[in-house]
Amino acid sequence: MYRRQFMQRLALGAAAFGPGLPIAWASPARARQTPIDLQITNRTIEVNGQSASVFGLTGPGGKPGLTLEAERPFDVRLANNSNEATLVHWHGLTPPWEMDGVPDNPAPMIAPGEERRYTFPLAAGGTHWMHAHTLQEQSLLAAPLIILSEEDRKADVQDVVILLHDFSFRSPEELLAGLTKGGSGHGGMMGGHAMMMQGQNMSGTAMPGMAMSGMQMDLNDIDYDAYLANDRTLDDPEVFAVDKGGRVRLRVINGATATSFTIDAGTLPGRLVAVDGQPVQPVSGARFGISMGQRLDIMLDVPAEGGAFPVLALREGARERTGIILATRGATVTRVSGFGAEDGPVLDLTLESRLRGLSASEAGSTTRSHDLVLSGSMSGYDWRIGGADQLRARRGDHIRLSMTNMSMMGHPMHLHGHHFQVVGINGRTLEGAVRDTVYVPPMAKVDIAFTADNPGRWPFHCHHLYHMASGMMAYLDYEGPI
């Protein structure tokens, strides 16, 4: 039914604007606008002294990604100048379902040499990103998508955007095959990155009825060749010039496909002010965890005396790290090793339990609830969302999803087309952060709530690319007027 509606709209657009127009959705008002051009490209980067062929998403001026103004509509002409068919998902935005960017749900991929136009309202500013919803995401088909509000543009704050990646010289198909066939070593299955869980979950609170003592948590199922910040390793990091005594807003995007990190701001005092593009009550600290698909906005104050200040992303449960350098004029920038003295922290729900949204919950009284079980294991590499086959809704429903992770890997769970509020952690009620991606550690339970106000067939999945590709993906279906 959804596919038929989409094709009807496509036909109406073509009839209204003539044959050969390479856009899928059109209106007379939009036809008068000048769209922003975004290109999918093939490019070559250098990693560890070797050249690598990857994808790119290039906006105006040849810069990666897009920076848009919240008060204007999203109006982008996406051209596929790469050598493969693909599509782009606008992660963090809430477009009409037919513009969401998941292949054949409902729109087909864009063939090489073709283009498509996307137009929809933008609700607010925020740190978001865009990426392929295919294995091409592993090959760096991703870029920042920053929406600036009027307040953002007027603020005396310097934006520094950091897009994190995990990188392999192997193809994503090889990586997936190594996981599903039980491979090992570099680019295969986990190489010893595991830890023992002793009687409590990773948020530090016991989960009643769950036998956990001595159970082994799997942290990293792929050992990558490199970990990148803005396409670079710490052997040649990007250095951002900042002002003495100035204020910096780090916009950190975890675009990695299978790696969680902890952001370490070092000696700079930090305040977390937004997650997933949504403001939160500020949380002070120097380290903040970020799982795949999530974003963090961290305010930093540069000392009046200046200096060079590394901002590092520490790989979860391992010594590898990447990052960037903030440096004031004349500061000496010294080399930072790509390996730390100890393993990076293991993500848990400690930070999530401290986060509070700036506004009251918009979900209202629950009219529909679903209990979901996240399951799977490294053995057989088969990942599932139990109970997801019952995900249904009516427009206007206030929905609560209760997710219990019965596997030994953490899962960053992402819902397309909506923002949700974290309303429960391990049975404790809270008015938590508004997000689009929430991390659920092993043997933990997280509840989220949202309003069904954007009809479609919306993907709900783990943002670990290979978990999603191996079955950890479902859909929330509900209808609305054409």
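The values are calculated or read from the model by the stated rules, or taken from the named source; none is laboratory data. Bear in mind that the values here come from a model prediction, so they are computed numbers and not experimental data. A quick note on method: Cβ atoms are made from the backbone with ideal geometry, for glycine too, and the neighbour counts reach across all protein chains shown. Surface accessibility is based on the protein's heavy atoms, side chains included, excluding ligands, DNA and RNA. Shrake-Rupley method; radii C 1.70, N 1.55, O 1.52, S 1.80 Å.
Annotations for the structure displayed:
- When residue 276 is tested against (1) closer than 24 Å to residue 419 by Cβ; (2) in contact with a Phe, Trp or Tyr (Cβ under 9 Å, 6 or more places away or on another chain), only condition (2) is not met.
- Number of the exception - residue 314 against (1) part of a strand (DSSP E or B); (2) of a type outside the set (Phe, Trp, Tyr); (3) closer than 29 Å to residue 419 by Cα; (4) touching a Leu at 6+ places or on another chain (Cβ under 9 Å): (4)
- Output for the stretch 319-354, where each listed residue is under 30 Å from residue 422 (Cβ atoms) and buried (at least 21 other Cβ atoms within 10 Å of the Cβ): 320, 321, 322, 323, 324, 344, 347, 349, 351, 352
- At least 2 residues being modelled with pLDDT under 50 is the threshold, and among the strands (runs of 3 or more DSSP E) wholly inside the stretch 1-104 not one reaches it.
- Residue match in the stretch 108-126 (condition: in a loop (DSSP other than H, G, I, E, B) and open to solvent by less than 10 Å² (accessible area, probe 1.4 Å)): no
- Positions within the stretch 427-467 being within 19 Å of the chain's Cα centre (by Cα) and without any contact (Cβ under 8 Å) to a residue 24 or more places away in the chain, in sequence order: none
- Residue within the stretch 71-78 that is acidic (Asp, Glu) and closer than 30 Å to residue 452 by Cβ present: yes
- Those residues of the stretch 336-354 which are under 26 Å from residue 236 (Cα atoms), touching a residue at least 60 places away in the same chain (Cβ under 8 Å) and assigned to a loop (DSSP other than H, G, I, E, B), in sequence order: 336, 337, 338, 345
- Taken together, the residues in the stretch 270-317 that are charged (D, E, K, R) and at positive phi amount to 1.
- Those residues of the stretch 285-301 which are surrounded by fewer than 20 Cβ atoms within 10 Å (Cβ to Cβ) and more than 20 Å from residue 439 (Cβ to Cβ), in sequence order: 299, 301
- Residue that is nearest to residue 156 (Cα to Cα), among those in the stretch 219-262 that are part of a strand (DSSP E or B), open to solvent by 10 Å² or more (accessible area, probe 1.4 Å) and aliphatic (A, V, I, L, M): 241
- Test result for residue 375, part of a strand (DSSP E or B) and open to solvent by 10 Å² or more (accessible area, probe 1.4 Å): yes
- Per-region count, the stretch 430-473, residues closer than 27 Å to residue 142 by Cβ, in a strand (DSSP E or B) and open to solvent by 10 Å² or more (accessible area, probe 1.4 Å): 4
- Residue in the stretch 268-284 that is among the β-branched types (Val, Ile, Thr), open to solvent by less than 10 Å² (accessible area, probe 1.4 Å), touching a Gly at 6+ places or on another chain (Cβ under 7 Å) and closer than 16 Å to residue 435 by Cβ present: yes
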